[in-house]
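K.L.:
Right, I'll just put the structure down here and ask away after.
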Amino acid sequence: MFMKKMAFTTALLSSIMLSACGDKPAEKTVSTPATESKVLHIGSTGQSYPNGFKQDGKLVGFDVETTEAIAKELGYTVEWTNAEFAGLMGQLDAGRLDTVANAVAITEARKAKYDFTQPYSYYGSQIVTHKDNTDINTFADLKGKTISGVLGSNHIKNLEKQFPNHEVTVKTYETRDGAMKDLEFKRVDGYINSKPILLAEIKRSNLPFKLVDKPLVIEQVGYGFNRTEKGEKLRAEFDQAITKLKANGTIKALSEKYYGADITTPEQ
């Protein structure tokens, strides 16, 4: 008798559980295509002061906050991916990122691969040397010297164009910190990056650097998108938002916050 009651109870409980599962299928949370489409996957090194860096565990900076202002204007949220610069561009190529917000120069080579927005800032490729190098003041003084820079950055390409006959030795690093440290400790003779970034870094950390000559070239910075239906849609939306945020002063204010200057127009 006891065994029959147990069997009946077990069957009853099983029936209730199956019934409950069948009555509430919507309790399982699934991202709908509409929800997913409002998330942007964007890359930043997270080590590039002042355009994208970590502060108290939070990703901040000029490019980061400009991007988030654009996303907010368009009704998107941003999911950030941090990696070294060359890796971010590789993830963009593979379609794992929608775009990269890390002072990406609009070059002819990149325009052959991506569709770019209008520029939202301008940077000059600038070489610096250690203050103790009193014999390095012009481009001619760099011949036979070693210059550091970030792997995959357009500044390296500009450096190679400036010295097409390999008059300087180019040493590349995966991160900006390594390239700067080697100049600080005089393991290289110079370092190349964007002039506004260099000036901000020198001021922040009191680095013993000085500018060498003038910028090699002034470049436009924008957002590159893959040539897909989604990429074209995002590029057009970003363009619209950039126009509005330039007009209302949002991007200029962020530039002045992080650089102490307006880099939203070409350097004079």
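The values are calculated or read from the model by the stated rules, or taken from the named source; none is laboratory data. Bear in mind the structure is a predicted one, so any value in this text is a computation, not a measurement. Just so you know, the surface numbers come from the protein's heavy atoms only, side chains and all, with ligands and any DNA or RNA stripped out. Shrake-Rupley method; radii C 1.70, N 1.55, O 1.52, S 1.80 Å.
K.L.:
Multiply the residue separation of Thr134 and Thr243 by 0.36 nm, subtract the distance between their alpha-carbon atoms, and state the gained length in nm to one decimal.
P.N.:
Roughly 34.8 nm would be gained on extension.
K.L.:
Please compute the alpha carbon radius of gyration of segment 226-268, then divide it by the globular-protein estimate 2.2 N^0.38 Å. Two decimals is fine.
P.N.:
Taking the Cα Rg and dividing by 2.2 N^0.38 Å, one obtains 1.44.
K.L.:
Tell me whether segment 61-175 comes out rounded, prolate or oblate; compute the Cα gyration tensor, take square roots of the eigenvalues as a ≥ b ≥ c, and use a/c under 1.5 as the rounded threshold.
P.N.:
Taking the square roots of the gyration eigenvalues as a ≥ b ≥ c, segment 61-175 is prolate.
K.L.:
For the chain, with a Gaussian network of springs between Cα atoms less than 10 Å apart, report the residue from Asp63, Asp239, Asp132 with the top mean-square fluctuation.
P.N.:
Between Asp63, Asp239, Asp132, it is Asp132 that shows the largest mean-square fluctuation.
K.L.:
Still on this model: How many percent of the accessible area of the chain is carbon or sulfur, using a 1.4 Å probe?
P.N.:
Looking at the chain in its full context, I get 54 percent from C and S.
K.L.:
Continuing with this model, one more query. Given a 10 angstrom Cα cut-off, can you work out which residue in Gly87, Gly249, Gly46 is the most mobile in a GNM of the chain?
P.N.:
Among Gly87, Gly249, Gly46, the largest GNM mean-square fluctuation belongs to Gly249.
K.L.:
Cross-link candidates for Lys246: which aspartates and glutamates have Cα within less than 16 Å, leaving aside residues fewer than 8 places away along the same chain?
P.N.:
Asp63, Glu65, Glu68, Glu73, Glu237, Glu256, Asp262
K.L.:
In terms of modelled amide H atoms, which long-range or inter-chain residues lie less than 5 Å from the amide H of Ser194?
P.N.:
Gln126
K.L.:
Quick one: Debye curve from the alpha-carbon atoms of segment 192-268 only, equal weights, vacuum; give me log10 I(q)/I(0) at q = 0.21, 0.24, 0.28 Å⁻¹ to two decimals.
P.N.:
These q points yield log10 I(q)/I(0) values of -1.03, -1.15, -1.30.
K.L.:
Regarding segment 144-259, what whole-number volume in Å³ per residue does the convex hull of its Cα atoms give?
P.N.:
For segment 144-259, the hull spanned by Cα atoms encloses 131 Å³ per residue.
K.L.:
For the chain, what relative contact order do you get, as a whole percent, if you take Cα pairs closer than 8 Å and at least 6 residues apart?
P.N.:
Relative CO of the chain lands at 24 percent.
K.L.:
With both bridge residues required to lie in the chain, what share of the DSSP beta bridges run antiparallel, to the nearest 5%?
P.N.:
Once the DSSP bridges in the chain are tallied, antiparallel ones form about 55 percent.
K.L.:
Okay, moving on. Which three lengths, in whole Å and largest first, does the chain cover when its Cα atoms are put on their principal axes?
P.N.:
103, 43, 33
K.L.:
If you build a Gaussian network model of the chain, linking Cα atoms that sit under 10 Å apart, which residue out of Leu151, Leu74, Leu159 swings the most?
P.N.:
Comparing Leu151, Leu74, Leu159 in a Gaussian network model of the chain, the most mobile one is Leu74.
K.L.:
Rg over Rh of segment 73-128, using C-alpha atoms and the Kirkwood radius, what does it come to?
P.N.:
Rg/Rh: 0.98.
K.L.:
In Å², and per residue, what accessible area does the chain have when probed at 1.4 Å with the other protein chains present?
P.N.:
Heavy-atom SASA per residue in the chain reads 53 Å².
K.L.:
List every residue whose amide H lies under 5 Å from the amide H of Ala105, counting only residues 5 or more places away in sequence or on a different chain, with H placed 1.01 Å from N in the peptide plane.
P.N.:
Sorted by chain and number, the residues that satisfy this are Asn154.
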